[in-house]
Amino acid sequence: MRKALTITKMTLLINLRKGTLWAIAFIVAVFSSVAFYMAKSDGSLVNELEIRISYSYGITYSILSLMIIALACFTVRSQIDAKNLHLVTSMPLERKWIFAGQAFALIIIAFIAEIILLGTIFTNSWFFSKGYEEAERQVAYDRYFNTRREVRPYYIKKRQVALNYAKEQGIDLTELDGHEWFYFYHDALRQETLIEAGKNKIWQFDLNDVPYEGETVQLIYKFQKGNKRDPIQGFFELTAPGYNIYFKKSIQAHQYVEDVIEIPINFIPDNGRFEVKFTNTGKNSVVVNRSGLIFSYQKGSLWENINKCFLSQTLHLSVSSLVGLCAGIGLTFSVASFMVIMLYLIATGHPVFQLVMVDYEFTIAPTFMDGVIHNIMSVAIWLTKGLKAPELVSNISSGLNIGWDYLITSWMPAVLVYGLIASALGSFMLTRKELDKVQT
C-alpha cells in the first residue's frame with residue numbers, strides 16, 4: 001500500500017508541476033460562472049436560480065467528465081511513451097500497485113474538481129441573490145435549504161396496460177394484424193388516462209418513508225383535456241386500507257393548469273401507502289396523464305443534497321478515470337481518448353436505448369427468441385449506465401431531495417461493475433505489457 005501511495009504522490013506532483021490541476025480548477029470555475037450568468041429566466045429569483053444552476057451545473061459537469069477522461073488517458077500514455085513507466089516497472093514493484101497509485105491520484109484530482117464545481121455554483125447563487133429583496137430571498141431560501149420530494153403514483157408497464165384492456169374487452173390479440181395492434185395499443189393507453197363524466201379513477205401512492213417534515217403534503221394535479229369554457233368539476237378522496245383516515249376535497253380546474261391541494265400531515269398513514277380517487281362530476285370526459293398527479297412533501301435539506309451529489313459524482317468521475325487509465329494502457333492517447341469519450345456519450349444516451357427497448361416490446365406475441373434477445377439487450381443497456389453521470393442536476397436546481405433509493409438501487413450498481421471491470425482489465429494489461437526494460 002505504501003508503494004501505491006508513492007506512485008500517487010509522484011503522479012500528483014507531475015500534474016501539479018505541469019499545471020494540469022490548476023488548469024482544471026480554472027476551467028471549471030470559469031465555465032461554471034459564464035454559464036450561470038449567461039442563462040436567464042423570467043426575473044423572479046426562484047426561477048432565475050433554477051435555470052442558471054441547471055445550465056451551469058449540467059454544462060460544466062459534462063466538460064469536467066471529459067477532462068478527467070482525457071487526463072486519465074494522457075497520464076498513463078505519456079508515461080509509457082516517455083519511457084518513465086519502464087523505469088518504474090524495472091524496480092521490485094507489483095504493477096497492480098502502479099495502476100492503483102495512478103488511479104488514486106486521479107480520484108484525488110476529481111475530488112478537488114468536484115469541490116470547486118459545487119463551491120463555484122453555491123458562491124454564484126449567493127452573490128446573485130444579493131440583488132433581490134429580502135422577501136424573494138426568503139422564498140428561495142425556503143425552497144433550496146428545505147428540500148422536498150415528489151412521488152408519482154404506481155403504474156404498470158404500458159404493454160401490460162394493453163394486455164389487461166384486451167382481457168377486459170374479451171379481445172384475442174393473436175387475431176390482430178400489425179395495424180390493428182398499433183391502434184388497439186394506443187387506445188388502451190388513452191383509456192388508462194381517461195375519466196368519463198360520472199366515473200372515477202384510483203391511483204396508488206407509496207411515499208416510502210415517514211415521518212414527514214412540515215405540517216402538510218401537497219397533491220399537485222393537472223388535467224390534460226377538458227372543455228375550454230366549462231371548468232372541470234369533481235372531488236379528490238384520500239383513503240388508506242386498514243387505516244381510519246379519510247380526506248375529501250372538491251375542485252374546479254381548467255385544462256393544462258397545474259393546481260395544488262394542501263393535505264394535513266395527519267391524513268397520511270404511518271407506512272406512507274394510500275389511495276387517491278378522483279370522481280368526475282362534470283359534463284365532459286377528462287384526461288390525467290401519467291405525469292399529471294404528484295405528491296410533494298418536505299424532505300431533507302440543501303446540505304444533504306450537496307453531500308449526496310458530491311459523493312455520487314466523485315464516484316462517477318473516479319470510474320471515468322479508471323476507464324481512461326485502462327484505455328490509455330492498451331491504446332495510443334488519441335485512440336484511447338476517442339474510445340472512452342464514445343463510451344461516455346453512449347452512456348449519456350441511455351434513455352434513448354430504453355425507448356428502443358420499449359419499441360422492441362411493441363409486439364403482440366413475443367417468441368422465445370424475442371425473450372432471449374430482449375434479456376441480452378437489457379443487460380447490455382444496463383451496462384451502458386456504468387459511465388452515465390447521476391441524474392442530479394434537476395434535483396439540485398429545483399430544490400428536490402435526492403433519494404438514496406435512486407442512487408443505490410438504480411444508478412450505483414452499474415457504475416461499480418463498470419469500475420471493477422476497468423480496474424481488473426487495466427491491471428491485467430499493465431501486467432502483460434512489456435515494460436521491464438528501459439528502452440532507448
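What follows draws every value from the coordinates through simple rules; no lab data is involved. Remember, it's a predicted structure, so these values are computed and weren't measured experimentally. With ideal geometry, Cβ positions are generated from the backbone for all residues, glycine too; neighbour counts draw on all protein chains shown.
Dividing the convex hull volume of the alpha carbon atoms of segment 4-125 by its residue count, what do you get in Å³ per residue?
Values: hull volume 11.1 nm³, N = 122.
Enclosed volume per residue, from the Cα hull, is 91 Å³.
Can you give the angle from 0 to 90° between the axis of helix 134-145 and the longest principal axis of the chain, with both taken from C-alpha atoms, to the nearest 10?
70 degrees
Quote the relative contact order of the chain in percent (integer), defining contacts as alpha-carbon pairs under 8 Å separated by 6+ residues.
The value is 23 percent.
Taking the Cβ of each residue in His179, His350, His316 as the centre, tally the other Cβ atoms inside 10 Å and list the residues starting with the fewest.
The fewest-first ordering by Cβ neighbours comes to His179, His350, His316.
What percent of all Cα-Cα pairs in segment 159-222 falls into each 5 Å bin, going from 0 up to the bin containing the maximum distance?
3, 12, 18, 17, 12, 10, 10, 8, 5, 3, 1
For a quick check: sort Arg432, Arg149, Arg137 by the number of other beta carbons within 10 angstrom, fewest at the front.
Arg432, Arg137, Arg149
Tilt of helix 2-18 relative to the longest C-alpha principal axis of the chain, in degrees (0 to 90, nearest 10)?
For helix 2-18, the angle is close to 90 degrees.
What are the ³J(HN,Hα) couplings of segment 324-337, residue after residue, when phi is run through the Karplus curve with 6.51, -1.76, 1.60 and θ = phi - 60°? Round to Hz, x for glycine and proline.
These are the phi-based 3J(HN,Hα) values: x, 4, 4, 5, x, 5, x, 10, 5, 4, 5, 5, 5, 4 Hz.
Quote the Stokes-Einstein diffusion coefficient, in whole µm² s⁻¹, for segment 216-266, based on the Kirkwood radius over alpha carbon pairs, a temperature of 20 °C and a viscosity of 1.002 mPa s.
Values: Rh = 12.3 Å.
This corresponds to a translational diffusion coefficient of 174 µm²/s.
So what is the 222 nm mean residue ellipticity for the chain from helices alone, if each DSSP H run of at least 4 adds -39500 (n - 2.57) and you divide by all residues, rounding to the nearest 500 deg cm²/dmol?
Taken over the chain, the calculation gives -19500 deg cm²/dmol.
At a temperature of 37 °C and a viscosity of 0.692 mPa s, determine how fast the chain diffuses translationally according to Stokes-Einstein, using the Kirkwood radius over alpha-carbon pairs as Rh; express D in µm²/s, rounded to the nearest whole number. Write down the numbers at each step before the final one.
Numbers: Rh = 25.5 Å.
So the translational diffusion coefficient is about 129 µm²/s.
So which of Lys277/Lys385; Lys222/Lys388; Lys201/Lys388; Lys199/Lys299; Lys158/Lys388 end up more than 28 Å apart, counting from Cα to Cα?
Pairs exceeding the cut-off: Lys277/Lys385; Lys222/Lys388; Lys201/Lys388; Lys199/Lys299.
Evaluate the charge dipole of the chain about its Cα centre and quote only its size in Debye, nearest 20, assuming +1 on the Cβ of each Lys and Arg and -1 on the Cβ of each Asp and Glu.
1440 debye
Evaluate segment 151-298: find the radius of gyration of its Cα atoms, find its Kirkwood radius, and give the ratio Rg to Rh.
Here Rg/Rh amounts to 1.02.
Any idea what the alpha-carbon Rg over 2.2 N^0.38 Å comes to for segment 22-66? Provide the component values of the computation, followed by the final result.
Values: Rg = 11.2 Å, N = 45, 2.2 N^0.38 = 9.3 Å.
Dividing the Cα Rg of segment 22-66 by 2.2 N^0.38 Å gives 1.20.
How do Phe182, Phe236, Phe223 line up, fewest other C-beta atoms within 10 Å first? Could the numbers behind the result be given before it?
Working: Phe182 12, Phe236 19, Phe223 25.
Listing Phe182, Phe236, Phe223 from fewest to most nearby Cβ atoms yields Phe182, Phe236, Phe223.
Within segment 96-158, list the chymotrypsin sites (Phe, Trp or Tyr not before Pro) lying in a DSSP loop whose Cβ has at most 11 other Cβ atoms in a 10 Å radius.
In loop regions of segment 96-158 (DSSP not H, G, I, E or B), the sparsely surrounded chymotrypsin sites (Phe, Trp or Tyr not before Pro) are Tyr154.
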